[in-house]
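Data first, discussion second: the structure below is written as C-alpha cells.
The values are calculated or read from the model by the stated rules, or taken from the named source; none is laboratory data. Given the structure is predicted, the values throughout are model-derived calculations rather than measurements. So basically every Cβ, Gly included, is an ideal-geometry build from the backbone, and we count neighbours across all protein chains shown.
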C-alpha cells in the first residue's frame with residue numbers, strides 16, 4: 001500500500017505567500033519519496049500541496065464535501081456527505097498529518113486527530129506542525145487528553161520549520 005500523508009491548512013492561503021510555498025514544497029517532498037498527498041481538495045494550502053505533488057510526478061487525493069469542485073492539481077477525488085465523514089476519511093486515508101498555519105477547519109482537524117489518538121480510536125501517527133502557529137492549540141489538546149492515550153498523543157506531536165523536516169517526521173522509518 002502506498003504511503004499517504006494528509007496535508008492540512010487554510011483554504012484561504014494565497015499563492016506566493018510563505019505558507020503556500022511551504023505547502024508546495026511539502027507536496028513535492030511527499031511525491032519525491034513516493035507518497036501520496038491527502039487533503040480536502042479545494043484551494044489554498046490544499047491546492048499548493050497537490051500542485052507540489054503533481055509537479056514532482058506524484059498523486060493526491062482530495063476528500064471533497066458535497067458537490068464542491070476540486071482544485072486543478074488533484075489527481076483523484078472522493079466525495080463525502082458531511083463534515084464528520086470528511087474528517088474520518090482524511091484520517092483513514094493517511095498514516096500521518098502535516099498541519100500548516102491557519103484555518104478554522106484546520107483547527108477542527110487538529111482536534112479530531114488529537115482526540116482520535118487520545119481515545120485510541122486510531123493508531124498513533126505523526127502529527128507534524130509547521131512553524132509555531134499551532135503551538136497553543138496543540139498544548140491545550142495535549143493537556144486535555146487523559147489516560148494512556150495522552151502519552152501516545154504527546155509522543156505523536158512534532159514541530160518543524162522546513163518541508164523536508166515535515167515529511168521526514170511524517171514518513172515511516
key: Search result, residues across the stretch 46-69 that are over 23 Å from residue 116 (Cα atoms) and buried (at least 24 other Cβ atoms within 10 Å of the Cβ)   = 47, 48, 49, 50, 52, 53, 60
Filtered residue count, the stretch 1-22, keeping only those that are outside any loop (DSSP other than H, G, I, E, B) and farther than 12 Å from residue 100 by Cα = 2
query = Which members of the stretch 23-59 meet the condition of being touching a helix residue (DSSP H, G or I) at 6+ places or on another chain (Cβ under 7 Å), closer than 19 Å to residue 109 by Cα and in a helix (DSSP H, G or I)?
reply = 23, 26, 27, 45, 48, 49, 50
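List the helices (runs of 4 or more DSSP H) inside the stretch 62-155, counting only whole elements, that have at least 2 residues being in contact with a helix residue (DSSP H, G or I) (Cβ under 6 Å, 6 or more places away or on another chain) and over 23 Å from residue 13 (Cα atoms). Let's see the steps before the verdict.
Details: elements: 83-92, 104-118, 135-144.
Answer list for the stretch 62-155: 104-118, 135-144.
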note = Residue set 74, 26; condition modelled with pLDDT of 95 or more, buried (at least 24 other Cβ atoms within 10 Å of the Cβ) and within 19 Å of residue 170 (Cβ to Cβ); output residue 26
query = List, please: which pairs have Cβ atoms under 8 Å, are six or more places apart or on different chains, and start with a residue in the stretch 118-135 that is in contact (Cβ under 8 Å) with a residue 12 or more places away in the chain and end with one that is part of a loop (DSSP other than H, G, I, E, B) and exposed (fewer than 15 other Cβ atoms within 10 Å of the Cβ)?
reply = 118/146; 118/147; 130/161; 131/161
request  = Output the residues belonging to the stretch 99-109 that are within 10 Å of residue 134 (Cβ to Cβ) and either surrounded by fewer than 18 Cβ atoms within 10 Å (Cβ to Cβ) or free of Cβ contacts under 8 Å to residues at least 40 places away in the same chain (or both).
outcome  = 107
